[in-house]
1. For the condition under 33 Å from the mean Cα position of the chain (by Cα) and without any contact (Cβ under 8 Å) to a residue 60 or more places away in the chain, what is the one hit in A:ILE72, A:ILE83?
2. Given the condition within 31 Å of the chain's Cα centre (by Cα) and without any contact (Cβ under 8 Å) to a residue 12 or more places away in the chain, answer yes or no: does some residue in region A:395-415 qualify?
3. Would you point out which residue out of A:SER375, A:SER365, A:SER370 is within 13 Å of A:CYS315 (Cβ to Cβ), modelled with pLDDT under 90 and assigned to a loop (DSSP other than H, G, I, E, B)?
4. Taking strands (runs of 3 or more DSSP E) that do not extend beyond region B:1-92, which have at least 1 residues that are buried (at least 17 other Cβ atoms within 10 Å of the Cβ) and among the acidic types (Asp, Glu)?
5. Look at A:ASP237 and say whether it is surrounded by fewer than 22 Cβ atoms within 10 Å (Cβ to Cβ), closer than 29 Å to A:ASP332 by Cα and either assigned by TED's automatic domain parsing to the domain that holds A:ALA202 or at pLDDT 95 or above (or both).
6. Could you list, in sequence order, all residues of region B:14-45 that are within 9 Å of chain A (Cβ to nearest Cβ) and within 30 Å of A:THR190 (Cα to Cα)?
7. Inside region A:392-411, can you point out the residues that are under 13 Å from A:GLU364 (Cα atoms) and charged (D, E, K, R)?
8. Tell me which helices (runs of 4 or more DSSP H) are completely within region B:101-162 and hold 3 or more residues being buried (at least 24 other Cβ atoms within 10 Å of the Cβ), or say none if there are none.
Amino acid sequence: MRSDPAEYDLVAPANLQAAVSLLANEPDRWLPIAGGTDLMVQFAAGTLRARNLISISRLPELRRIEAFAEEIEIGAGCTYSDIRKHESVQREFPMLAKAASWTGGIANQNRGTLGGNIVNASPAADSLPALLVYGAELILVSVRGERRVLYSTFHTGYKKLTLAADELIRAVCLPRRFTGYVSYTRKVGTRNAQAVSKVCMAALARLEIGAIHDARIALGSVAPTPIRLTETERLLDRKPLDPSLVRLASRTAVAEVQPIDDIRSTARYRGAVVGNLVTEFLEKLGGTQRMRSVALDRWNGLPMDEAEKEILPCCGSRAWARSMAARRPFSDENSVLAASDETWRSLGEQDWMEAFAHHPRIGESLAAPSATARSAAWSSQEQSDAAAAGDAVKIALREGNGEYERRFGRTFIICATGKSGSEILQILRHRLQNDDRTEIREAAEQQRQISQIRLRKWLQG
Amino acid sequence: MTKTGAQCQISLTVNGEPRTVRAYPMERLLDVLRQQLGLTGTKEGCGEGECGACSVMMDGALVDSCLVPILQAQGAKVVTIEGLDQDSRARALQQSFLEYGGAQCGICTPGMILAAVHLLREKPEPGMDDIRQGLAGNLCRCTGYVQIFEAVAAAARRGVGR
């Protein structure tokens, strides 16, 4: 039964201040309405309980997209069309732009707003998984001022939000920190437009030295709210991507969701789709890994001297580089890594010394004179954790380096990736106790590890 | 039931003409167009933003007029199917809908034409995917869509988008 418009009131304040003042004076009386793509449907069906509505669709304060150094701020009143057409959003937050393009049809996208999608709090809303994986924060405004909340803590239960009755969402902030991530998003529904999703997923991760880092997977339509797959994410963290991990992740994801049977789908089907989407995401991630072996194919085809020169910064020993270039072609990353270890162990002490001489002292940014630019850049990456050490540790490291050089006549070599300054200091003090024979083997082992890490980075381009 | 709101005066431009109506602020733009202004080319299908039969342009954007409370159209420029009779894109689309069998019962046709005009304004040379997406919010229960997509593609080929 359609509602009678005579029983409703709607007012249009001229600006945001006037809107929040109305809400503050009678917080339980007013319901904000923006594009009306949800509330006007309730109105038509005779189920819109609120009788007094505040139109916020034309508040200029809510209709801006601003790019700051650290984040992009999307006004809560921006429509899906505003979002899907915005260049920075398309480039940096493609999954949100994509979700906007799936919402309703063009006419709905011209009216429906991101803020409205959030407060409507449907577990099936297409934009919400993207907001979850991008770590969106909301700016809430009232006459009391503004506060920021993480979207992930804002939507607390089925249609439940931590939004006070006198508050409006002013903006949605997305941190600009996902450069280099692989993203994957997919809506599974009867059709993309005008159909509510059976399952919708947004996922992000980056690959570093062949391992998965910071995997972020969110799903809609499988629980009372959009959810992150925290167990699956934990399982994937820092693991090399291989088929057995993909299978395990897919099973973990299925166990982690609580879908229901409803008019659009069944719990069983939704569960199966979740497993398949996680698999597809990880296969896409793996595809980018395989694509990167393009770098290997190119190197396989280079003339001998160029191939030597290119691989040299991974180790620093010319004999090693010559041997690696001579062993081409390599079929994959693993065979390159295995050949490197074999070659390294077959070399003499003089060759090892040559490699050691390419490294700067730990705790010093100054590159060794013989280091290539690439090797120097890698050194500073490898030492980034150590560089964060406090002054006391840095001074102790400098003293330790000096003692080591007086004792062994060369630079102290350690595979510094992931090690803090104080860890390195402890290892350095321990190794000062070694005899010459043990210590050169230890240094060679450290160089072997450094070469492995550098080769993986090099192969990934 | 108690009466909550009072009628208000709304001024808007419809098909280029300034119009003023008295209406309750939550009255739907669709009803004002059809009942007060006699513009019955805009159809009501589902009444919930799913079918696109009530499509109109509001300030240049395609919208479903069943989801627009009239207060939100205060000061807006609204164009309905009647307002497109001199529009070169709409006329070319009308011709190609005839040629390709893009209209049968006719209920969806005004909305389809509005959505197609909106598409060709934004993308003068749309591919088939663009056409499918541009018309995805407009449902047709007669044609099976293919004739409609072909009609829009033909109109675009003739250069009406430019």
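The values are calculated or read from the model by the stated rules, or taken from the named source; none is laboratory data. If you're wondering where the values come from, they're calculated on a predicted model, not measured in any experiment. Neighbour counts are summed over all protein chains in view; Cβ atoms, including those assigned to glycine, are modelled from backbone coordinates with ideal geometry.
1. Numbers: A:ILE72 fails: without any contact (Cβ under 8 Å) to a residue 60 or more places away in the chain.
It is A:ILE83.
2. no
3. On the way: A:SER375 fails: assigned to a loop (DSSP other than H, G, I, E, B); A:SER365 fails: within 13 Å of A:CYS315 (Cβ to Cβ).
After applying the criteria, what remains is A:SER370.
4. On the way: elements: B:8-14, B:17-23, B:55-58, B:61-64, B:77-79.
Passing ranges, in order: B:61-64.
5. Values: surrounded by fewer than 22 Cβ atoms within 10 Å (Cβ to Cβ): yes; closer than 29 Å to A:ASP332 by Cα: yes; either assigned by TED's automatic domain parsing to the domain that holds A:ALA202 or at pLDDT 95 or above (or both): yes.
For A:ASP237, the condition - surrounded by fewer than 22 Cβ atoms within 10 Å (Cβ to Cβ), closer than 29 Å to A:ASP332 by Cα and either assigned by TED's automatic domain parsing to the domain that holds A:ALA202 or at pLDDT 95 or above (or both) - is met.
6. Of region B:14-45, the ones within 9 Å of chain A (Cβ to nearest Cβ) are B:23-28, B:31.
Selection gives B:ARG28 alone.
7. Residues satisfying the conditions are A:LYS394, A:ARG398, A:GLU399.
8. Working: elements: B:109-122, B:128-134, B:146-157.
Qualifying helices (runs of 4 or more DSSP H): B:109-122, B:146-157.
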